[in-house]
1. Could you check Ile186 against (1) closer than 19 Å to Ser51 by Cα; (2) touching a Phe, Trp or Tyr at 6+ places or on another chain (Cβ under 8 Å) and say which number it fails?
2. Does Lys97 qualify as being at pLDDT 90 or above and closer than 20 Å to Glu41 by Cα?
3. Which residue is surrounded by the fewest Cβ atoms within 10 Å (Cβ to Cβ), if the candidates are limited to the range 100-115 and must be part of a helix (DSSP H, G or I) and modelled with pLDDT of 90 or more?
Amino acid sequence: MRSAFVAALFLYAVSLACSPMPDGPVVHRTAANEDIDLSGEWNDVDSRLVSQEMVKDLLARPWLDEFREAQGQKPKMVVGRVANKSHDHIPVDTFIKDLERELINSGEVRFMASHGQRAQLTGEKMYQAKAASLETQKAMGRELGADFLLVGQINSIIDQAGGLTMKYYQIELELINIETGEKVWISQKKIKKVIERDDWN
């Protein structure tokens, strides 16, 4: 019985080896949090790791304790523009969402809706003023104003020689007091990758 099973398994393996490769792509599912870097370009791993490290640094600096001691409450924050000045097509919205998630989940700050989301809120309130009952309408002028604006940019440098490419990313973020215009925190995160290609033309 065992020998028959081994023989059947052997024949199955031989049939797979002799089968032609499929014409289309072969897809392998993997864990969403697995670190995969195929091209060396900015990817989801960079976005996640950079947001985690920079938010950790942001929340460890003196501005946070100084604000809480002076105001007696958590600071209210909003993420503004993060400009992509790199050579890559970087979906900055994904990076901004990673930053927002890290900040909100930290429990150290209160997070306000973005500019685009506030415009949608205004539209909804205008609709409610016309269509919703007085008891359930949400009034204008009741939103909380943010205390700090987080902005930044992503830059890159590319150096190539033969089949080697060096890609360097510099991510810069700044936290600005909206009322006073004071910059209370500035940080950089640097990423360097070396990509080796045998098929370089």
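1. (2)
2. On the way: at pLDDT 90 or above: yes; closer than 20 Å to Glu41 by Cα: yes.
For Lys97, the condition - at pLDDT 90 or above and closer than 20 Å to Glu41 by Cα - is met.
3. Start the filter on the range 100-115 by keeping residues that are part of a helix (DSSP H, G or I), which leaves 100-106, 115.
Narrowing the set further to residues that are modelled with pLDDT of 90 or more leaves 100-106.
Details: Glu100: 18, Arg101: 15, Glu102: 18, Leu103: 20, Ile104: 14, Asn105: 10, Ser106: 13.
Restricting to residues being part of a helix (DSSP H, G or I) and modelled with pLDDT of 90 or more, the top hit is Asn105.
A quick yes/no check of all residues on (1) touching a residue at least 12 places away in the same chain (Cβ under 8 Å); (2) among the β-branched types (Val, Ile, Thr); (3) surrounded by fewer than 12 Cβ atoms within 10 Å (Cβ to Cβ); (4) farther than 24 Å from Asn43 by Cβ:
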site	(1), (2), (3), (4)
Gln117	no, no, yes, yes
Gln120	no, no, yes, yes
Lys125	yes, no, no, yes
Leu134	no, no, yes, yes
Ala146	yes, no, no, yes
Gln153	yes, no, no, no
Tyr169	yes, no, no, no
Leu173	yes, no, no, no
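The values are calculated or read from the model by the stated rules, or taken from the named source; none is laboratory data. This one's a predicted model, so the numbers in the text were calculated from it and none came from an experiment. FYI the Cβ positions are ideal-geometry reconstructions off the backbone, even for glycines, and counts take in every protein chain you see.
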